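The values are calculated or read from the model by the stated rules, or taken from the named source; none is laboratory data. Small disclaimer: the values here were computed from a predicted structure and weren't measured. Backbone-built Cβ (ideal geometry, glycine too); neighbour counts: all protein chains shown.
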Amino acid sequence: MLKRFFILCSGADADVLADCSGGEQNKYVGIGATVFFTAIMAFIAASYALYTVFDNYITAAFFGLIWGFLIFNLDRFIVSTIKKKDSFMDELLQASPRIILAIIIAIVISKPLELKIFEKEIDRVLLEQKNEFTLANKEQIATQYTPAITTLDSNISTLKEEVSTKETEVNNLYETYIAEAEGKKGTEIIGKGPVYKEKREKHDAALGELTELKKTNAEKIALLEHKKNELTIAYNNQVSTSQPIIDNFDGLMARVNALGKLQWLPSLFIFLLFLAIETSPIFAKLLSSKGEYDFKSEDIENEVKTWVAQKESQRKVVLEADHTINDKVYGDLTEEEELYAYKKKIAREMMKKQQDAFYKRQTGIL
């Protein structure tokens, strides 16, 4: 049963092959097995590739099965239509479209399996790319908020500097009236005289201004800090919103591009392997010698060609004979007086009807 199945896969005529030797049958069993397992590999590769796209096992398996049947039918058709000829170059030229197609299919089949084989290395490359994208994304978003935050920080620093400057002024006034009371500066008279009181009043006034300035600037700083926090929250929200897009950057195209950043030699060997698998049914048929099945198929084909050519030749002879007979029959008819008189009568009646119709039409116009 398995033998019959592989013969079916080879596209050979089972009835013709049944009359051939065991060795000839085994040759086509091998060709059929190659076609079958090539389709299996195509199904596995296509299913994995589609899984990376749909992320669903059932969908990937369904479309992968369709792809496997497509490759199976294509290989079976090509192998069955390659006819053994006396020249290998003629056979190779006959199979060249399929070989070109095999290269394309080998690329399509090998890439998904390369993605699976080098999955860990690809994940590392994708992680590096995601980190780069994350930093670039934060920098890009920061350009929208940094100028405003910098302006707020500058205003806050200005308000704090105003308070600090006022505090320095108050401290200097404090040291001045204390030094006046101790007689170290100013009048250098120990005691709290009129000058002391004047300097004390100036200090107290500045201290009141400082207190009011601290209160006013604190409110302004609080408002600016609130705006700064709002901008920071908006920045963090935008970063959080865009981060899932970067985290999901692991689709089929991203993985193919990441695979391209790895060393090319392992990928080349995998591609050559699948190219050999994909073209193996073709080369198996090309490299096989012309055997008993080929001679019998050619004999049946020639028999049909001969029979068709014979029928076509007979039809030509019959047609020529029919033309000759028709020419003679119509030649004899032209000499019969009865046929001449009848046709003359009909022609006379036709001309009368035409003349009557012309007369009626002209009368109507007038």
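Details
- Which numbered condition PHE43 misses (of (1) under 18 Å from the mean Cα position of the chain (by Cα); (2) crowded, with 18+ Cβ neighbours inside 10 Å; (3) not small (Gly, Ala, Ser)): (1)
A quick yes/no check of all residues on (1) at pLDDT below 75; (2) surrounded by 15 or more Cβ atoms within 10 Å (Cβ to Cβ):
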{"position": "LEU213", "(1), (2)": "no, yes"}
{"position": "THR216", "(1), (2)": "no, no"}
{"position": "LEU223", "(1), (2)": "no, no"}
{"position": "ALA234", "(1), (2)": "no, no"}
{"position": "GLN238", "(1), (2)": "no, yes"}
{"position": "SER242", "(1), (2)": "no, yes"}
{"position": "ILE245", "(1), (2)": "no, no"}
{"position": "SER267", "(1), (2)": "no, yes"}
{"position": "LEU287", "(1), (2)": "yes, no"}
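- Residue match in the stretch 13-34 (condition: closer than 30 Å to VAL256 by Cβ and within 28 Å of the chain's Cα centre (by Cα)): no
- Number of residues in the stretch 82-137 that are exposed (fewer than 15 other Cβ atoms within 10 Å of the Cβ) and closer than 30 Å to THR241 by Cα: the value is 10.
- Considering the stretch 1-12, the residues that are among the small types (Gly, Ala, Ser) and crowded, with 22+ Cβ neighbours inside 10 Å include one that is nearest to the chain's Cα centre (by Cα), namely SER10.
- Screening LYS228 on (1) in a helix (DSSP H, G or I); (2) surrounded by 12 or more Cβ atoms within 10 Å (Cβ to Cβ); (3) within 38 Å of the chain's Cα centre (by Cα) shows it passes everything except condition (3).
Table: residues versus (1) of a type in the set (Phe, Trp, Tyr); (2) at pLDDT 80 or above; (3) within 24 Å of VAL29 (Cα to Cα).
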| site | (1), (2), (3) |
| --- | --- |
| GLY64 | no, yes, no |
| TRP67 | yes, yes, yes |
| LEU74 | no, yes, yes |
| LYS83 | no, no, yes |
| ASP86 | no, no, yes |
| ASP90 | no, no, no |
| ILE100 | no, yes, no |
| GLU121 | no, yes, no |
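- Filtered residues of the stretch 202-229 (kept if without any contact (Cβ under 8 Å) to a residue 40 or more places away in the chain and under 17 Å from SER154 (Cβ atoms)): ALA222, LEU223, HIS226, ASN229
- Set LEU272, LEU252: member being within 30 Å of ASP75 (Cβ to Cβ), modelled with pLDDT of 80 or more and surrounded by 10 or more Cβ atoms within 10 Å (Cβ to Cβ): LEU272
- Residue list for the stretch 138-157, filter: in contact with a helix residue (DSSP H, G or I) (Cβ under 7 Å, 6 or more places away or on another chain) and among the charged types (D, E, K, R): LYS138
- For ALA33, the criteria (1) farther than 23 Å from SER297 by Cα; (2) surrounded by fewer than 21 Cβ atoms within 10 Å (Cβ to Cβ) hold in every case but one, which is (1).
- Residues (small (Gly, Ala, Ser) and part of a loop (DSSP other than H, G, I, E, B)) located in the stretch 83-141: SER87
- One residue stands out in the stretch 170-201 among those that are surrounded by 16 or more Cβ atoms within 10 Å (Cβ to Cβ) and within 26 Å of LYS214 (Cα to Cα): the one that is modelled with the highest pLDDT, namely VAL170.
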